[in-house]
Structure formats: C-alpha cells, structure tokens
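Values in this text are rule-based calculations from the coordinates and carry no lab data. All values derive from a computational prediction rather than experimental measurement. Cβ placement follows ideal geometry from the backbone for every residue including glycine, while neighbour counts extend to all protein chains displayed.
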Amino acid sequence: MNVQNNSYTVIYASIMVVAVAAILTLLSFGLKDRQQANIDNEKRQNILKTVNVESTSDNAAQLFEQTVKEAIVVDQTGKVIVSDKNEAFNTAIDITENGSKLPVFKCEKDGKTFYVVPLKGAGLWGKIWGYASIESDCNTIAGVVFDHESETPGLGDKITTKEFQQLFVGKKLYDEGGSELKGVTVYKGGLASTDPLHGIDALSGATLTSNGVQNMVNDCLRAYEPYFKTAK
Amino acid sequence: MAKNKNLELLTNSLNINNPVTVQVLGICSALAVTVQLEPAIVMAISVTFVTALSNLIISLLRNTIPSRIRIIVQLMVVSFLVIVVDQVLKAFMYQLDKQLSVYVGLIITNCIVMGRLEAFALGNKPLPALLDGIGSGAGYGVILIIVAFVRELFGSGKLFGCQVIPDGMYNIGYENCGFMLNPPMALILIGVIIWIQRARNKELQEK
C-alpha cells in the first residue's frame, strides 16, 4: 500500500484523531470524580484559611463540617434564597444587580462568629478569586485568601502570598462614621500607613493586579451590604 | 554487540549525550520546577513517561505514517500522553499539579521529546526507541534532581520539605541563600554542571 497517497493520508489522520479523542474522553470520565473532590477540598481549605484554621486535604472535609455551622445563599436584598449547606457550597458567586447569588459561610471558631464570603474579579491577565472572612460586627476583615489564573509570575502572582494577604487583616469596611462602605484602598509607594482603616500597600511592579484585588474585594463586599445590615 | 548498543542508548543520555547539559534542550522547565525536590522528581518522571511512550508508539507506527503529516502525528501522540499525565496528576497529586502549573502542559513543547521522535524513533525498531526515550527522559531528570537538591538545600534549608539544616546553624548566624530560589540561580547551577562535565570529558571539549 502506498502510504504517501492523499486518501491514505486523510484516512490515517481521521482514524488517529478519533482514536485519541475516544481514549481521552474515557480517561476524563474515569477521573472526573476524583478531580472534583480535589477541587472541593481546596475550596474548603481556602474557606478555613480565612478564619485561621490550617487544614490538609485529608482533614479538610472534617474540619469544614466542624467550623462551618451554616452555609446559605442570599440575593441582592439580603434575602435567603438557598439554605441547604451542600447547595450553597456548590453555588458560584454572582453579583449581577438583579438576581445576585451570594453564598455566605457562617463559621464559628473559639466562640466567635465569622461570615466567610467568596470573591470574584479580574486581575491583569485573567480571573482572580478568593475568600474573605468578616467578623461578627460586619465591619472588620478577619482574613482573606486570593488565587489567580494567570497573573505575572514573580509580580502579580504574589497576591497568593501570606505577606500580602496579611495586610488585609483588621481593615474596616465602613468609614469612621460607620455609614459609608469604603472597603480597602491600595496605595503605591508604601503610603498605606497614612490610611490605617482601609489602606493596603500595593505590590510593587503589579499595580494593575493590586487594583484588580481592590476592586474585587470592594465590589463583592458591597453586594453583601444588605445582608450584613440584616445580620448585624 | 546488540545488547551493548541498547545499553548505550540508556547510558549515553546520562552522560556524553545528556539532553540538558550537552544538547542544551529543555532548559526552560529545568529552571522553573527545580525550587524543590518533590516537583522536580514528579516532572522528571512525567517527562520520562512521555519520551519513552511517545518514542515507542511512533516507532511502532513508523512504517505507516505518511511523511507529509509525520510532525502532526508526532505532536498528537505527544499531546495525548501529556494530557494523560496532566489528568492523572490532577486526580491523584492535586497540590503538586498546581505547583507544576503550566509546565506539565509545556512538556508538549519540550524539545527533547520532539527531537528524539524525529531523530530516533522514526528510524528505529520499537525496543531501541523505548530505551532511547527512557534514557533521554532520565538524562533530563537527573539534571533536574541535582539542581533541585542544591536549590532546596541551600535556598530553604530543606529536602523534600523537611528541615535538614539544624536550628543550631541558624542560631550561630547561618542564613538561607534567597538567591537560590530564583530562576537565574538554576541557570548558573546548570552552567556549573556543564563546566564540570566538560572538564572531565575530553570528547566534549571543542578544539
């Protein structure tokens, strides 16, 4: 048989494509549950991290059950629309003005209540996301974690470091009068100390990623304002 | 004689035909994943798996592949194997997969893989091709592991994530070398390995 023949080439390529696609599909189906379990565990670990509970992928599920007392989804008016823990866990945050879906994880640690909320926004190159825990006064940030899809290695990707996330701890959502939601503000050039309530030092060399984090935190927390008012 | 030749396919890549230090291929990923030993070893195994099996598959198919689309066929086999590796890592070693991030996917573009397919697998029988693949992957892996060992030991005082430099050393003023954790240091280390290897091997020295 002439292997240089045109029709042979086309048939050869077609069979190859179909065979490879079939094997990969089977593999993907076979491993899907395990992969999803890993992703869920990472989500649990991230939520726990915002309230300072360190966990491994092995004990994450157990610690999550112990720490998270309640998981709900509220809408833009603060009304509870889902109260099932599992369903709330699997709901992605959506802050569109009408029909928002806003998951809240009520955690208890050392007798104190924390509200953990997911965050979703845009960095410089791709999506960024994370979780923030708010103390029971609905004003003080107790902890945050961030992750990203494709921020610049060595610059923007530092939003995942403990050093950066530590800067958010203790920051206030509301201004001194307690009426206006200001959220956090990033400052260039180490000027954050001039604004002790809301100031965060930007990552040097990653201004746009830092701005993305600021907008993500503020936009998402603003969406929760009606809920926080009822919770307080 | 044939046995010796097969053995040479395995050992040459570890020494006088090393893909990283002699052919200078696969440097990019060698810089990126060598901060710690564990990801370096997983990467080494992944690359060896891909080079070995892709060499074997292409060698088995070598008489049926139309030469006009041979590069595409090779790429498809390589991508297929890389996706298998990536999916398996995601399912069983999720944290490590996150650490290796894009570099698992980039095995596809690792010149060692395509280079061995074009240069060896297309013209040789399956067994030598398989051995050549294992050898090339191992040659790459050895360099990765040496570099990662030095970087993790001096960069963070650990091996496999466990502290090996005693606290006493830190108390008398020893400090970890932060530069070790940066990619340029990996390049310098590879340079040093190349230097040592050439100094010891007369065959590799240019006249």
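Thinking of segment B:19-204 as a set of Cα atoms, what percent of all their pairs are more than 22 Å apart?
So the pairs more than 22 Å apart make up 51 percent of the total in segment B:19-204.
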Checklist entry - If r is the Cβ-Cβ distance from A:T140 to A:A21 and R0 is 60 Å, what FRET efficiency results, to the nearest 0.05? => result 0.70
Checklist entry - Put a dot 7 Å past each Cα toward the Cβ at B:N6 and B:V164; how far apart are the dots in nm? => result 3.5 nm
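Set the Förster radius R0 to 56 Å, insert the Cβ-Cβ distance between A:T9 and B:A199 as r into 1/(1 + (r/R0)^6), and round the FRET efficiency to 0.05.
On the way: r = 50 Å, r/R0 = 0.89.
After rounding to 0.05, the efficiency reads 0.65.
Provide a whole-number value for the mean count of partner chain Cβ atoms within 10 Å of the Cβ atoms in peptide A:40-47. Intermediate values should be presented prior to the final figure.
On the way: counts 0, 2, 3, 0, 0, 1, 0, 0.
Going residue by residue through A:40-47 and averaging, the value is 1.
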Checklist entry - What aspartates and glutamates could a cross-link reach from A:K171, if we take a straight Cα to Cα line under 19 Å and drop same-chain neighbours fewer than 8 places away? => result A:E135, A:D137, A:E163, A:E180, A:D195, A:D201, A:D219, A:E225
Next on the checklist: With n ≥ 4 as the cut-off for DSSP H runs, can you work out [θ] at 222 nm for chain A, using -39500 (n - 2.57) per run divided by the number of residues, rounded to the nearest 500?
Outcome noted: -12000 deg cm²/dmol
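If you wrap a convex hull around the Cα atoms of segment A:1-116, how much volume per residue is inside, in Å³? Please report the intermediate quantities before stating the final value.
Details: hull volume 20.3 nm³, N = 116.
Spelled out: Cα convex hull of segment A:1-116, divided by residues, is 175 Å³.
Please give me the summed charge of the neighbours of A:V3: other residues whose Cβ is under 11 Å from its Cβ, Lys and Arg +1, Asp and Glu -1.
+3
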Item to check | Helix-only [θ]222 nm of chain B, DSSP H runs n ≥ 4, -39500 (n - 2.57) each, per residue, nearest 500 | outcome: -21500 deg cm²/dmol
Checklist entry - So which lysines can B:K98 reach, going by Cα to Cα under 22 Å and dropping same-chain residues fewer than 8 places off? => result A:K32, A:K43, A:K49, A:K120, A:K127, A:K158, A:K162, B:K90, B:K158
Checklist entry - Measuring from label point to label point, each 7 Å out along Cα→Cβ, what is the B:I69 to A:K85 span in nm? => result 5.4 nm
Checklist entry - Taking Cα centroids, how far is segment A:153-232 from segment B:170-207 in Å? => result 42 Å
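Report the charge-dipole magnitude of the protein assembly as shown in Debye, nearest 20, computed about the Cα centre from +1 at each Lys and Arg Cβ and -1 at each Asp and Glu Cβ. List each step's numbers first, then the result.
Numbers: 38 positive and 39 negative charges, 294 e Å.
Approximately 1420 debye in magnitude.
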Checklist entry - Under 16 Å Cα-Cα from B:K125, which lysines qualify once same-chain neighbours fewer than 8 residues away are excluded? => result B:K3, B:K5
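Between A:S57 and A:K127, take the C-beta separation as r, use R0 = 30 Å, and let me know the FRET efficiency to the nearest 0.05.
On the way: r = 23 Å, r/R0 = 0.76.
Between A:S57 and A:K127 the formula returns 0.85.
Please average, across the residues of A:146-159, the number of beta carbons from any other chain that are within 10 Å of each residue's own beta carbon, and give a whole number.
On the way: counts 0, 1, 0, 0, 2, 0, 0, 4, 2, 0, 0, 1, 0, 0.
Mean partner-chain Cβ count within 10 Å for A:146-159: 1.
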